[in-house]
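In what follows, a structure is listed as structure tokens, so that the remarks can point back to it.
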Amino acid sequence: MAPRQHRRTWRRGLSPTMVRLVSAIFVLQLVSSALVILFLRGQMLDVVRLDRERQVIDVRDDLLAAYYDGGREELAEFITARRGSAADPAVFIALTGKGQPVLSNLVRVPDIPAAARPQPVVVRRGPDQAPSEGLALVGQLSDGERLIVGVVSLTERRIDAAFAATVELTIAVAVLMGLLSAVVVGFVISRRTHLIAETAAELASGNFGARVPIEGTGDGFDHLRLQLNLMAERIGELVSQLSAVSGALAHDLRSPVTRLSAAIDVALARVEEPRALEALQAARADADALRAMLETALEISLIEGGAVEDRRRPLELSAVAEDLVELYDPLAEQQDVRFEARLEPVTAPADRELLSRALANLIDNALKYGGKAVVVSTHRTIDADGKLWAEIAVEDDGPGIAPADRTRVVERFVRLDDARTQPGGGLGLAMVAAVARLHGGSFTLSDPASGGKGLVATLRLPA
């Protein structure tokens with residue numbers, strides 16, 4: 001892919017729609033990663049909490065067994081000696097009631113109510129130690145004393161510390177992978193949709209041979225490509241049939257119109273009555289106009305049907321424009337129109353004959369419907385994608401054309417109401433548009449850059 005195409009692809013990939021899509025995918029992946037992390041942490045803490053509860057109950061059962069075997073003395077000795085399960089350094093025990101309290105891994109007895117299951121509690125296990133969170137179970141012995149058995153949450157703290165230590169790395173990896181996948185998905189979708197859009201633009205410009213490549217993936221994009229290609233094929237067939245019919249009609253009508261002109265000429269040679277001569281001359285002028293319309297319509301059909309020989313050669317557009325300015329200058333002077341040329345050297349591959357006819361149509365329209373000033377200019381321009389174009393523009397200061405009518409006026413046989421008083425068949429601008437498409441360019445009608453009244457007709461060709 002050329003660097004210019006790379007830049008265009010990346011610019012399209014960074015369009016607002018793609019940015020929103022990428023952002024949505026990124027946020028969804030980031031949120032899902034965070035939810036997975038929180039779920040994993042919760043599951044681990046639940047497992048550890050259940051294990052701690054079982055540990056508290058097991059220690060309590062061992063202590064009760066010692067109590068049932070030897071009474072309070074055996075229980076106190078078991079606690080003091082830290083035998084069996086009570087030897088775990090995370091376990092704390094308190095025996096309070098009638099005699100001196102017996103404590104293990106505790107500074108003071110926690111104040112917690114009796115319950116059937118272990119409860120969260122905060123205890124101080126040593127004079128120099130900070131308070132610790134844990135689980136404790138309170139039970140009542142048969143002699144009325146309270147037995148408190150608990151375990152501090154060392155594992156939970158280690159899990160939280162481990163999650164805190166790795167959360168930044170986890171988030172960084174999740175952000176990187178989420179952003180990367182979102183960009184890839186957005187780029188793939190953007191590339192596929194713009195490829196389809198470019199083909200649609202080719203079809204809109206009249207290139208009915210354009211097709212979207214079928215990738216054979218069987219997804220929705222492939223189905224859209226297939227349907228677009230079928231539609232293009234059908235439209236191409238219909239347009240070809242219509243062009244063939246209109247071309248054949250224009251071709252078949254030339255002969256009877258030519259015979260009509262010849263018959264009128266014969267009548268003109270034989271008639272001497274002034275009114276009859278005047279009527280015949282008007283009929284001869286109409287026949288000539290009709291023949292010119294048919295020839296132009298036939299030429300447009302040939303151009304749009306691709307039946308014109310490719311005669312494009314590197315052409316200096318300013319020289320072509322200068323020749324036509326000199327040709328129309330006497331007519332402009334006769335109509336008291338200020339005719340001006342602002343020509344910059346610019347070269348483009350073009351058919352000189354077709355380009356000259358298109359430019360002549362533009363100048364002729366400007367002199368017919370414009371005001372008192374016509375400017376013909378040539379210049380080179382670069383579009384947003386970095387592509388180089390050569391432009392020929394004809395600007396006038398007349399009433400112009402309303403924006404709503406500018407796309408309609410370049411169609412065949414379309415004439416606006418204010419143009420019906422002038423001779424013509426409504427084919428001049430259609431011919432210019434056909435020449436532009438044949439050269440791979442475009443034809444546009446716009447307002448003057450000065451903001452005043454008038455019209456700018458621009459023929460743009462690839463340079």
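The values are calculated or read from the model by the stated rules, or taken from the named source; none is laboratory data. As the structure is a prediction and not an experimental result, all values here were calculated from the model. Neighbour counts are summed over all protein chains in view; Cβ atoms, including those assigned to glycine, are modelled from backbone coordinates with ideal geometry. When the accessible area is computed, the model is the full protein with side chains, heavy atoms only, and any ligands, DNA or RNA have been set aside. Shrake-Rupley method; radii C 1.70, N 1.55, O 1.52, S 1.80 Å.
The figures follow:
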quantity: Qualifying positions in segment 141-151 - open to solvent by 20 Å² or more (accessible area, probe 1.4 Å) and outside any loop (DSSP other than H, G, I, E, B); calculated: R146
quantity: Which listed residue is among the aliphatic types (A, V, I, L, M) and modelled with pLDDT under 80, from A136, A115, A94, A76; calculated: A115
quantity: All positions within segment 331-354 that are open to solvent by less than 20 Å² (accessible area, probe 1.4 Å), in a helix (DSSP H, G or I) and modelled with pLDDT of 90 or more; calculated: A332
quantity: Any hit, segment 375-387, residues being surrounded by 19 or more Cβ atoms within 10 Å (Cβ to Cβ), within 36 Å of the chain's Cα centre (by Cα) and either modelled with pLDDT under 90 or on the phi > 0 side of the Ramachandran plot (or both); calculated: no
quantity: Residue match in segment 30-48 (condition: polar (S, T, N, Q), more than 23 Å from V121 (Cα to Cα) and touching a residue at least 12 places away in the same chain (Cβ under 8 Å)); calculated: yes
quantity: Selection count, segment 388-409, where residues are among the small types (G, A, S), part of a strand (DSSP E or B) and within 29 Å of the chain's Cα centre (by Cα); calculated: 1
quantity: Counted residues, segment 80-102 - those being over 19 Å from D58 (Cβ atoms) and touching a residue at least 12 places away in the same chain (Cβ under 8 Å); calculated: 6
quantity: Residues of segment 31-88 classified as outside any helix (DSSP H, G or I) and either closer than 30 Å to V175 by Cα or touching a strand residue (DSSP E or B) at 6+ places or on another chain (Cβ under 7 Å) (or both), total; calculated: 1
quantity: Some residue of segment 232-241 being open to solvent by 90 Å² or more (accessible area, probe 1.4 Å) and at pLDDT below 75; calculated: yes
quantity: Hits in segment 410-463 (condition: under 30 Å from D286 (Cα atoms), modelled with pLDDT of 85 or more and either assigned to a strand (DSSP E or B) or of a type in the set (S, T, Y) (or both)); calculated: F443, L445, L455, A457
quantity: Search result, residues across segment 425-441 that are touching a residue at least 60 places away in the same chain (Cβ under 8 Å), open to solvent by 40 Å² or more (accessible area, probe 1.4 Å) and not charged (D, E, K, R); calculated: L438
quantity: Any hit, segment 56-71, residues being surrounded by 12 or more Cβ atoms within 10 Å (Cβ to Cβ), under 23 Å from S132 (Cα atoms) and either among the acidic types (D, E) or at pLDDT below 85 (or both); calculated: yes
quantity: Lone unmet requirement of (1) over 23 Å from D447 (Cα atoms); (2) at pLDDT below 90; (3) hydrophobic (A, V, I, L, M, F, W, C) for V320; calculated: (2)
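One line per residue, one yes/no per condition, for (1) in a loop (DSSP other than H, G, I, E, B); (2) open to solvent by 50 Å² or more (accessible area, probe 1.4 Å); (3) within 17 Å of R49 (Cβ to Cβ):
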residue	(1), (2), (3)
K98	yes, yes, no
L103	no, yes, no
L106	yes, no, no
A114	yes, yes, no
V122	no, yes, yes
P127	yes, yes, no
A130	yes, yes, no
G139	no, no, no
